[in-house]
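Since the structure comes first, as structure tokens, the remarks are kept for the end.
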């Protein structure tokens with residue numbers, strides 16, 4: 001505990017300038033937002049209520065801790081859990097399919113020749129384009145399928161790249177030490193892949209959040225994305241903005257958890 | 001990122017989850033019996049969702065109710081007219097910015113005159129199913145809703161086209177607003193913010209009866225006097241009046257009813273809209289002069305979103321229904337406990353009516369958490 005406090009203090013000492021500037025720019029943004037909202041209100045603009053002041057949005061956000069959400073009449077945790085569940089499922093599915101496929105396509109020429117055209121055709125299509133179809137064909141799993149699609153390609157491509165980039169010297173060294181093919185795979189290639197995989201995961205998570213919000217906005221009953229749409233439908237704009245803030249917070253938290261996981265994994269694999 | 005900072009973020013995440021879980025556990029208990037709703041299915045897809053068992057029932061507007069009951073997918077448990085007799089449904093809304101332009105009031109009155117003529121034409125046609133007018137009406141309804149003739153025939157028998165705004169209309173507006181306040185969707189503060197003294201003051205003032213009354217005196221015009229940008233919902237048979245008024249076949253000639261009164265009516269940018277809420281957004285963006293939509297979004301987006309609009313006529317009453325799967329064993333609202341019903345969206349009148357009906361029986365109507 002004392003150690004942690006010392007480290008925190010050290011961090012502030014080293015980074016105080018950055019923190020100060022960060023604080024200044026965020027404050028400036030909030031002030032500008034407040035002024036714009038005030039301007040719209042005082043000139044009786046048609047869309048004054050569409051840009052509520054930061055204070056009102058904060059009130060709506062804090063209101064979620066004491067009452068159910070007005071637009072959906074359930075507590076906000078229902079929505080948070082729903083979105084997190086979908087992202088987690090889509091993420092795990094994407095990992096389960098993309099890693100083996102990436103390994104295959106990266107190491108076997110035949111697999112690459114077979115898979116490449118299909119990947120190249122589907123990769124440029126934004127996952128969001130599939131929303132209307134998936135929501136009907138996959139029903140309740142539609143949003144999960146969209147997240148899967150969004151996370152799948154970054155991971156696939158990065159794993160492929162990682163397999164291809166393995167330093168041949170390392171493989172030779174392992175062979176010289178008597179490793180068989182399987183051991184080369186598990187002791188050399190897979191640990192080497194970890195940074196590439198993590199890049200894919202980080203990109204994938206970002207895309208995944210965009211996908212889940214978009215899918216829920218189009219056709220969701222629960223979830224932070226549908227919170228946005230439903231609040232907007234009912235003219236509850238402070239809650240709509242609060243939902244956007246909520247998504248930002250959740251996104252930072254999930255990326256933080258993923259990065260921590262990377263640390264653990266690297267340590268376990270002996271990379272650190 | 002430094003490991004310690006990462007730990008701090010994870011600890012923060014755990015704390016947030018713990019606080020949320022505590023709030024969740026400590027919240028007050030719900031009432032006996034909960035019915036669940038799902039807003040993730042679009043209205044045209046509700047019938048399919050019902051037949052695959054994804055949902056136990058759905059409530060939507062015609063012609064989708066008749067469509068599901070006529071091909072044996074489902075049966076109608078309750079018509080919206082049984083939930084609230086003569087309930088207002090779709091209304092004609094005008095932008096107050098449009099009304100403040102020089103030609104605004106005159107063009108609006110011409111529009112209303114055309115709306116009244118079209119409505120009366122439909123009412124007369126509906127009285128005699130053997131008449132040529134009725135055949136034309138069914139054809140027009142097919143073209144507008146893209147459903148077959150028997151479906152649209154049945155659909156039109158379950159609603160009534162009506163343009164007058166009488167005292168029962170104002171009372172209904174008041175009841176809807178009170179319900180929204182109960183649901184915490186709008187507040188007395190929002191009503192006061194828009195300049196009304198109370199809910200009844202709002203209900204009285206929001207509907208502008210003068211224009212409709214004066215529209216009766218409008219005479220046809222041989223020249224086009226102005227353009228109106230029109231908003232309406234996709235395939236909504238409640239809003240047939242605008243489709244009828246725009247079609248030259250109705251007057252047996254080469255002029256539509258709109259043109260007869262000197263109006264050029266063009267679809268607004270973004271029309272046809274997928275929901276009343278989207279149409280109200282278009283009003284605020286300045287894209288719509290006059291539009292057809294449901295009364296609830298017209299209320300909610302005016303009070304919460306500050307939309308500068310006013311109701312200038314009704315379009316129809318009733319015309320929605322609650323459908324359950326055939327042979328499901330569901331015979332009354334009481335049988336809906338723990339079942340899932342699809343609704344178009346939370347700002348729809350279908351949701352509001354069902355919510356009112358269930359609340360009367362002491363049931364909660366809550367979103368289904370997946």
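Can you give me the convex hull volume of the Cα atoms of segment B:105-248, divided per residue and expressed in Å³?
On the way: hull volume 22.2 nm³, N = 144.
That works out to 154 Å³ per residue.
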Please compute the alpha carbon radius of gyration of segment A:1-51, then divide it by the globular-protein estimate 2.2 N^0.38 Å. Two decimals is fine. 1.93
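So for segment A:150-257, considering every pair of alpha-carbon atoms, how many percent are separated by more than 23 Å? Present the calculation step by step, with values, prior to reporting the outcome.
Numbers: 2840 of 5778 pairs.
For segment A:150-257, the share of Cα pairs beyond 23 Å comes to 49 percent.
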Distance between modelled label sites at residue B:12 and residue A:183, nm, 7 Å Cα→Cβ extension: 4.6 nm
Restricting things to alpha carbons, find the Rg to Rh ratio for segment A:74-196 using the Kirkwood radius for Rh. 1.11
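Please pull out the direction-averaged projected area of chain B, using the convex hull of its alpha-carbon atoms, in nm² to one decimal place. Intermediate results must be reported in sequence, preceding the final value.
On the way: hull surface 91.6 nm².
Computed as one quarter of the Cα hull surface, the answer is 22.9 nm².
Kindly provide the helix-only [θ] at 222 nm of chain B, computed as the sum of -39,500 (n - 2.57) over DSSP H runs of four or more divided by all residues, to the nearest 500 deg cm²/dmol?
On the way: 17 runs with 169 residues, N = 370.
One gets -13500 deg cm²/dmol as the mean residue ellipticity at 222 nm.
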Return the tail of the calculated pair distribution for the protein assembly as shown, meaning the percent of Cα-Cα pairs more than 49 Å apart. 24 percent
Using a Förster distance of 35 angstrom, determine the FRET efficiency expected from the C-beta separation of residue A:65 and residue A:89, and round it to 0.05. 0.80
Along Cα→Cβ, 7 Å out, is where each label goes; now give me the distance between the ones at residue B:175 and residue B:227 in nm to one decimal. 4.2 nm
Once you put a point 7 Å from the Cα of residue B:205 and another 7 Å from the Cα of residue A:129, both along the Cβ direction, what distance in nm separates them? 5.0 nm
Inter-centroid distance (Cα atoms) of segment A:42-93 relative to segment B:45-110, Å: 28 Å
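What is the Cα radius of gyration of chain A over 2.2 N^0.38 Å, N being its residue count? All intermediate terms of the calculation are to be shown ahead of the outcome.
Numbers: Rg = 23.2 Å, N = 272, 2.2 N^0.38 = 18.5 Å.
After normalising by residue count via 2.2 N^0.38 Å, the value is 1.26.
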Across 10 Å bins from 0, what is the distribution of all Cα-Cα pair distances for segment B:238-336, in whole percents? 13, 33, 27, 17, 9, 1
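Read-outs throughout are calculated quantities, based only on the coordinates presented, and are distinct from any laboratory measurement. Everything quoted here is computed from the prediction, not taken from an experiment. A quick note on method: Cβ atoms are made from the backbone with ideal geometry, for glycine too, and the neighbour counts reach across all protein chains shown.
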